[in-house]
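Report on the following structure.
The values are calculated or read from the model by the stated rules, or taken from the named source; none is laboratory data. Since this is a predicted model, take the numbers as computed values, not measurements. FYI the Cβ positions are ideal-geometry reconstructions off the backbone, even for glycines, and counts take in every protein chain you see.
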Amino acid sequence: MARYRFHLMNGFAERILAGAAIAVVECETLDDDATLQAVAYQLGAPETAFVEPTSGRARVYTPQYALPSSRHAALAIAAALGERLGAPVNFGAGPIKTWRDGTLWHAHADASKSRAVSLSVDALTGALGLDFGDLTGQNLFVDTGQEQLVVPARTQQAVLKARPKPGPLGLLAHNGNHIAQVVLWHQEGDVTTLRSFASDQLNVFEDFGAGDAAANVAGWKLATGSAAPFSFKIEQGHTIQRVVSRLSVLYVSATANRQIAVGGRFWKVGEGELTL
């Protein structure tokens with residue numbers, strides 16, 4: 001029987017019982033996808049990251065599907081393992097630099113890539129469950145490690161009231177590579193309200209602590225002419241329409257040479273061992 005050490009973490013959390021829950025599982029060698037997906041389902045966290053501590057090789061799953069990468073997971077792995085992590089976290093597209101600065105953990109994002117998309121405003125507004133006039137600015141597919149459709153909203157209230165429809169949203173945001181993902185956001189001052197959705201034809205999933213979405217908002221800013229350096233704070237998670245929800249706080253920056261970083265506070269709330 002195989003034994004796996006696991007850590008229960010809260011990420012992008014200003015206090016221990018806040019932020020986005022994530023499980024980090026240590027593996028001597030990463031198992032097949034079916035086994036890892038089954039373990040992620042068993043643990044039930046919004047994300048479960050699997051890592052080989054020596055090599056840094058990693059994979060990340062929700063209870064229902066695999067993700068190509070996750071800055072949230074990379075940071076959780078670094079915070080959980082500390083000095084026992086023998087190499088930078090790598091989900092298969094290259095190592096992710098992580099570092100600690102005081103109480104914050106940070107991760108670099110990939111160089112930002114973006115592409116314009118021609119979408120009917122009416123169709124996108126309807127797919128998000130919004131009203132005419134709720135959207136503003138340019139919609140772009142942005143990729144700083146995971147491509148997502150980044151959609152600016154006119155007001156914070158528009159972000160909060162969105163009720164996406166899985167079928168239409170899945171069609172409009174599909175990029176041909178993975179499950180469709182949309183980032184809806186609005187900035188007031190230095191605080192950004194953000195919601196991140198993944199959608200297929202049947203369901204919409206909302207992310208509590210969307211590190212890749214945060215990096216993609218920074219990529220959107222660079223692509224649409226914002227001057228670097230800049231920094232801003234994202235509040236996310238409390239917008240999710242569930243009986244129990246929590247606030248995630250992410251700190252995002254771009255240097256003068258356009259290097260994007262995402263950070264936040266990470267807490268270990270427990271650990272144990274799985275026997276399978």
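Give the residue, chosen from Asp122, Asp110, that is charged (D, E, K, R) and either farther than 18 Å from Leu67 by Cβ or modelled with pLDDT of 90 or more (or both).
Answer to the check: Asp122.
Here are some conditions: (1) within 25 Å of Ser253 (Cα to Cα); (2) surrounded by 13 or more Cβ atoms within 10 Å (Cβ to Cβ). Glu52 meets all but one. Which one does it not meet?
If we test Glu52 against (1) within 25 Å of Ser253 (Cα to Cα); (2) surrounded by 13 or more Cβ atoms within 10 Å (Cβ to Cβ), just (1) comes out false.
Determine whether Ala38 is surrounded by fewer than 18 Cβ atoms within 10 Å (Cβ to Cβ), among the small types (Gly, Ala, Ser), within 19 Å of Leu276 (Cα to Cα) and outside the structural domain of Gln236 (by TED's automatic domain parsing).
Considered against the rule, which asks whether it is surrounded by fewer than 18 Cβ atoms within 10 Å (Cβ to Cβ), among the small types (Gly, Ala, Ser), within 19 Å of Leu276 (Cα to Cα) and outside the structural domain of Gln236 (by TED's automatic domain parsing), Ala38 comes out as yes.
If I ask for residues that are basic (Lys, Arg) and either in a loop (DSSP other than H, G, I, E, B) or over 25 Å from Gly189 (Cα atoms) (or both), which ones from region 139-167 would you list?
Arg154, Arg163, Lys165
Residues being farther than 18 Å from Asn216 by Cβ and either free of Cβ contacts under 8 Å to residues at least 60 places away in the same chain or not aliphatic (A, V, I, L, M) (or both): count how many of those fall in region 104-130. Walk me through how you get there before you give the answer.
Residues of region 104-130 that are farther than 18 Å from Asn216 by Cβ, as a first pass: 104-105, 118, 120-123, 125-127, 129-130.
Going one step further and asking which of them are either free of Cβ contacts under 8 Å to residues at least 60 places away in the same chain or not aliphatic (A, V, I, L, M) (or both), we end up with 105, 118, 120-123, 125-127, 129-130.
Within region 104-130, residues that are farther than 18 Å from Asn216 by Cβ and either free of Cβ contacts under 8 Å to residues at least 60 places away in the same chain or not aliphatic (A, V, I, L, M) (or both) number 11.
Looking for something surrounded by 14 or more Cβ atoms within 10 Å (Cβ to Cβ) and more than 22 Å from Ala254 (Cα to Cα) - is there at least one such residue anywhere in region 106-115?
no
Say whether the condition of being modelled with pLDDT of 95 or more, within 18 Å of the chain's Cα centre (by Cα) and under 22 Å from Leu85 (Cβ atoms) is met by at least one residue in region 25-34.
No, that holds for no residue.
Just for region 15-24: of the residues that are surrounded by 16 or more Cβ atoms within 10 Å (Cβ to Cβ) and either assigned by TED's automatic domain parsing to the domain that holds Leu247 or at pLDDT below 95 (or both), which one is farthest from Ala198 (Cα to Cα)?
Ala18
Within region 206-228, is there a residue that is more than 30 Å from Asn257 (Cα to Cα) and outside any strand (DSSP E or B)?
Checking region 206-228: not a single residue is more than 30 Å from Asn257 (Cα to Cα) and outside any strand (DSSP E or B).
Here are the criteria: (1) over 21 Å from Gly237 (Cβ atoms); (2) touching a helix residue (DSSP H, G or I) at 6+ places or on another chain (Cβ under 7 Å); (3) among the acidic types (Asp, Glu). Tell me which single one Glu47 does not satisfy.
It is condition (1) that Glu47 fails.
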